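Q: Below you'll find the structure I mean.
Any read-out appearing in this document is the output of simple, stated calculations on the displayed coordinates, not a laboratory observation. Keep in mind the model is a prediction, meaning the values are calculated, not measured. In this analysis, Cβ positions are derived from the backbone assuming ideal geometry, glycine residues included, and neighbour counts consider all displayed protein chains.
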Amino acid sequence: MPLLPHISADDPLGRLYASRMWALALGILAFASAQVIYAQLNGLPQLRRDGLDWGYDVVFYAMAALLYGRGDRAERTGALVLGVVMVVAGLDTLNDLAMKIREPRPIEPMVLGFSAATAAASGFIFVGLLLPFRESDNPLIEATWLSARNSMISSVGYAGVTFFARLATSRAVEYGLDVFAAVLSFQAAYVIIRDALRRPTTLRKT
């Protein structure tokens, strides 16, 4: 594994974790890039916005892959940065909500269905890949696990409810889900930052 020279062969679970982080980061980057290009060429602003939102996941998983195994300080610092990214993601969600309230966007049923389906599928994939590491007390792993958990909860909620909410005359449910997604991001950021700051130097428990 050329991307994992810094991870000891005595840590097979750690190598598995880092390789899965690389796979997620690169896979999401390829998918999101194709989605943004397609949306740009076909004049689909909401689809482009959804594609750009994948950038948070790319940053999350790429940073985790790069920093895992480089020492407790690097991992703890990485977790703190990821906590800040979660705060930014929550603020971005609230900003997008404010823009939707000021200027309601037209309904794009085909785009909406595609976004809902891919978001829900990705949420389960993320959680499935990170499930073996959910009990780890390593703050970097905890950060990615919480991100995956949030992706699954919010994406399933949007897939199951937002589709109908956006097609309805009232968008109160859609707006409520945006607030819920932002709250999830802030809650995860709080846990990540709190645990990264108070963790002892012995963090291996995978």
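Q: Give me the dipole magnitude in Debye, nearest 20, for region 12-198 about the Cα centre, with unit charges on the beta carbon: positive for Lys and Arg, negative for Asp and Glu.
A: Working: 16 positive and 15 negative charges, 20 e Å.
The calculation lands at about 100 debye.
Q: Just rank Glu142, Glu103, Glu135, fewest to most, by other beta-carbon atoms within 10 angstrom. Don't skip to the answer; put the middle values down first.
A: On the way: Glu142 23, Glu103 7, Glu135 11.
By the 10 Å Cβ count, ascending, the order reads Glu103, Glu135, Glu142.
Q: Subtract the Cα-Cα distance of Leu131 and Ala23 from 0.36 nm times their separation in residues, and report this length gain in nm to one decimal. Kindly include the intermediate steps, with their values, before the conclusion.
A: Working: separation 108, 0.36 × 108 = 38.88 nm, distance 1.53 nm.
Answer, rounded to one decimal: 37.4 nm.
Q: Turning to a different aspect of this structure: Neighbouring Cβ atoms within 10 Å as the yardstick, rank Arg70, Arg102 fewest first. Provide the component values of the computation, followed by the final result.
A: Working: Arg70 14, Arg102 7.
Arranged by neighbour count, lowest to highest, Arg70, Arg102 become Arg102, Arg70.
Q: Just grab the label-to-label distance for Gln187 and Asp92, each label 7 Å out from Cα along the Cβ direction, in nm (one decimal).
A: About 2.1 nm separates the two model spin labels.
Q: Can you compute 3J(HN,Hα) from phi for each residue in region 123-132, using the Karplus curve 6.51 cos²θ - 1.76 cosθ + 1.60 with θ = phi - 60°, rounded to whole Hz and x for Gly and Pro?
A: With coefficients 6.51, -1.76 and 1.60, one gets x, 5, 5, 4, 5, x, 5, 9, 4, x Hz.
Q: Same structure again: Sorting Val191, Val183 on the 10 Å Cβ count, fewest up front, what's the list?
A: On the way: Val191 16, Val183 13.
Ranking Val191, Val183 by Cβ neighbours within 10 Å, fewest first, gives Val183, Val191.
Q: For Met99 and Ser33, what does the FRET efficiency come to when R0 = 25 Å and r is the distance between their Cβ atoms, rounded to the nearest 0.05?
A: Details: r = 24 Å, r/R0 = 0.95.
FRET efficiency, Met99 to Ser33: 0.60.
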